[in-house]
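Down below is the structure, laid out as structure tokens.
Please treat every number below as a calculation from the coordinates, not as lab data. If you're wondering where the values come from, they're calculated on a predicted model, not measured in any experiment. When we count neighbours, we look across all protein chains shown, and the Cβ atoms used for this are built from the backbone with ideal geometry, even at glycine.
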Amino acid sequence: MEIFFDFLSLKKYLEEIHYQGKSVGFTPTMGALHQGHLSLLQKSVAQNKISICSIFVNPTQFNNIEDLKTYPRNHEKDADLLQKNHCDILFLPSVEEVYPNGEKSEHFDFNGLEHEMEGRFRPGHFDGVGTILHKLFSAIQPHRAYFGEKDFQQLRIVQTLAQKFFKALEIVPVDIYREENGLAMSSRNAKLSAEQRREASIIYKTLARVQQIITKENFQKIDEIVNTAFEASSLKLEYFIIANEENLKPLENFDKSQPMRAFIAAYAGGVRLIDNMKLN
């Protein structure tokens, strides 16, 4: 596995690969890798001649400075995992390399997707995501890029970014990878105590319950059921929304003509967790 720390060296190395017409798959990460990340890489390895991963804890997408400071980092362990899973190239830039003129985001119009759900609770987050991905896609010029459905709103944002700026790039969604109790795998899970991890299974259980009753109960009743479930747990519910999965607009009634998905954000202590599930 080749490792690069700056854009210039990476682009120079990739010139020959692109010249030879080899397909390039790209998985951007913030490190603290787990099986969910590796499932993205494995899909890339299966579909491309060359697979690239990046590790960069992007400061412009954090709206909570404490979250940025405590975000788990272990580059040596991550690099070892990537090598064992057949990653060909690792890009590991510094903050100064990515933001030579200071940590500033560009502003993006994602057709209103940026104003829903996470956009309301994490102002500026998706501008930060758009900024780093625009830089990485421009430098790497991958044929395919891989994103998990756990961050479903981010996936839709990335698809919109590609449609606007990188029309030849295929964004490949990958199913949510879950722990045994249903908890969606996330780097932030490492910050949970054993008890919090057990309690956090309420998120998956609640989504599965919503999926079961979606055609039987009105949305107001479903909302009550979800709130009651969280009130009986140690987790604090930030939001529960049923939305059209294409435009992410909240829905108030069951409509089988619309692709529906349920979204939850909740806190286990100081750790913020998100998850979602397709409903129809």
According to the Kirkwood expression over distinct Cα-Cα pairs, how big is the hydrodynamic radius of the stretch 187-275, in Å? 13.7
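May I ask you to derive the relative contact order of the chain, considering only C-alpha pairs under 8 Å and at least 6 residues apart, and to give it as an integer percent? Intermediate values should be presented prior to the final figure.
Details: 463 pairs, mean separation 48.6, N = 280.
This gives 17 percent for the chain.
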In the stretch 196-275, what trypsin sites (Lys or Arg not before Pro) fall in a loop by DSSP, with at most 12 other Cβ atoms inside 10 Å? Lys216, Lys256
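Nearest 0.05, what FRET efficiency do Glu252 and His75 give at R0 = 45 Å with Cβ-Cβ as r? Walk me through the numbers before you get to the answer.
On the way: r = 46 Å, r/R0 = 1.02.
It comes to 0.45.
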Taking the beta-carbon count within 10 Å as an exposure proxy, list Asp127, Asp6 from fewest neighbours to most. Asp6, Asp127
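Which of the pairs Lys167/Lys221; Lys12/Lys249; Lys22/Lys84; Lys49/Lys135 have their Cα atoms more than 32 Å apart in this structure?
Numbers: Lys167/Lys221 42 Å; Lys12/Lys249 43 Å; Lys22/Lys84 22 Å; Lys49/Lys135 22 Å.
With Cα atoms farther than 32 Å apart: Lys167/Lys221; Lys12/Lys249.
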Once the cut-off is 27 Å, how many percent of the Cα-Cα pairs in the stretch 2-174 end up in the long-distance tail? 21
When the Karplus curve 6.51 cos²θ - 1.76 cosθ + 1.60 is applied with θ = phi - 60°, which whole-Hz ³J(HN,Hα) does each residue of the stretch 41-46 get, with x for Gly and Pro? 4, 4, 5, 4, 4, 5
Just subtract the alpha-carbon distance of Asp175 and Lys278 from 0.36 nm times their residue separation and send over the number in nm, one decimal. 36.0 nm
Arg209 to Asn64: extension gain in nm, 0.36 nm per residue of separation minus the Cα-Cα distance? 49.1 nm
